[in-house]
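Data first, discussion second: the structure below is written as structure tokens.
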Amino acid sequence: MDHYDVIILGAGAAGLMCAARAGQRGLRVAVLERAEKPGKKILISGGGRCNFTNIGAGPANFLSNNPHFAKSALARYTPADFLALVDKHGIAWHEKTLGQLFCNGSAKQIVQMLLDECPDTHVDVICQAEVTAAAKEGGAYGVVASGRSYSAAALVVATGGPSIPKMGATGFAYDLARQFGLKVVEPRPALVPLTLGGDDVLFRELSGVSAPVRVSAEKASFDEAALFTHKGLSGPAVLQASSYWRPGGNVGIDFLPRTEGDWLIEAKRDRPRATLKSVLSDHLPSRLAEALVGRLGIDRELGNVSDKALREAAERLANWRFTPTGTEGFAKAEVTMGGIDTRELSSQTMEAKRAPGLYAIGEAVDVTGWLGGYNFQWAWASGVACGEALVVR
């Protein structure tokens, strides 16, 4: 039996950050990772350059059954705090659109930074350690992983959710939570492409075409690119909206979010001999313009189209409704919605209220961020909150 102060399950973003803070406080930490190396999801993020945070990250950018839960941790560890850590390690970075921060070099630098932050004398990162049993006996948690036994006063669940199963992701965190009596909000894919059927299937002919649009679902809307695929809709704006979409609902696309007023009628007055397709092609890829015109049924010169018809066309282009048949599932989802119910946890420490010494952080918890570095910021913030609160009883 190997004895530690803390056992952390999962050497991802949240687990490594938690280990670093706990180790720096002098606690003996074992990080058990079932993969052959730590930080596998970090390594593939941002096209290999890791979109490690977003400078605008705040509570409004996160979804949860309890939207207030994330406020404490996010306020205590901000994007500026993580950026200071990146700068301390001399990692060059750049800002892309919408406040997204990336490494100039490689995501490997972020993983190495986290490992370097873990004191060698206090933190053991043990890979290829698959947990087969976990239980609490007396005042300690016992874990069996790949034939070895470990014990500690505190157990931190940082194994993420089931999104991207090809990376080894599973619903292990939820099984463990239920084992210790904690409730779980039903997990579902988020930041995920949507599939189309019925009449919408006709848009699949546009596979590979993308355009800057505004996509809305429920009360949320996002101005970014949408991509038509052979299965349906994808692209940043659609992935964002997917977190708000519910089965049976629809999503709206404003194909021309930068147009104002009676712009089509004005185009008719300025260019009466122009066709709707040529006008739309000034703003959109020609294949998309042609497909939209075909569905609107306006193939005449604008001068021969009534103002009423043009106004109706403009209204439809500003709120084109699609009814997805579903999503492409966890296999294509960037993150998981739902997870360990936040009502079971302290927002200050991430400790389970009904299971002293048990903690849950990162994607395992029912807190899901937008696309663009927000989920990493939650991993860092929840990891720090937990790492600084761990108490060896």
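Considering only residues in segment 103-128 that are over 16 Å from Gln24 (Cα atoms) and among the aliphatic types (A, V, I, L, M), the one that is most open to solvent (accessible area, probe 1.4 Å) turns out to be Ile126.
Here segment 132-150 is the region considered, the condition is being open to solvent by less than 40 Å² (accessible area, probe 1.4 Å) and over 14 Å from Leu358 (Cβ atoms), and the residue that is farthest from the chain's Cα centre (by Cα) is Tyr150. For segment 45-90, a residue qualifies if it is assigned to a helix (DSSP H, G or I) and among the basic types (Lys, Arg), and the qualifying residues are Lys71, Arg76, Lys88. Answer yes or no as to whether Thr336 is farther than 21 Å from Gln100 by Cα and touching a helix residue (DSSP H, G or I) at 6+ places or on another chain (Cβ under 7 Å). No: the conditions fail for Thr336. Of all residues in segment 322-338, at least one satisfies being hydroxyl-bearing (Ser, Thr, Tyr), open to solvent by 10 Å² or more (accessible area, probe 1.4 Å) and either within 21 Å of Gly181 (Cβ to Cβ) or touching a Ser or Thr at 6+ places or on another chain (Cβ under 7 Å) (or both). With respect to the conditions (1) more than 24 Å from Pro187 (Cα to Cα); (2) assigned to a helix (DSSP H, G or I); (3) in contact (Cβ under 8 Å) with a residue 60 or more places away in the chain, Lys41 falls short on a single one, namely (1). Out of contact with any helix residue (DSSP H, G or I) (no Cβ under 7 Å at 6 or more places or on another chain) and surrounded by 14 or more Cβ atoms within 10 Å (Cβ to Cβ), is that true of Lys166? It is false that Lys166 is out of contact with any helix residue (DSSP H, G or I) (no Cβ under 7 Å at 6 or more places or on another chain) and surrounded by 14 or more Cβ atoms within 10 Å (Cβ to Cβ). Taking strands (runs of 3 or more DSSP E) as the structural unit, those lying wholly within segment 103-221 and holding at least 3 residues that are within 30 Å of Pro324 (Cα to Cα) correspond to 184-190, 210-217.
The values are calculated or read from the model by the stated rules, or taken from the named source; none is laboratory data. Note that the coordinates shown come from a computational prediction; the quantities given were computed from them, not determined experimentally. Because the Cβ atoms are built from the backbone with ideal geometry, glycine has one as well, and the counts that use them run over all protein chains shown. Calculation scope for accessible area: heavy atoms of the full protein, side chains included, ligands and nucleic acids excluded. Shrake-Rupley method; radii C 1.70, N 1.55, O 1.52, S 1.80 Å.
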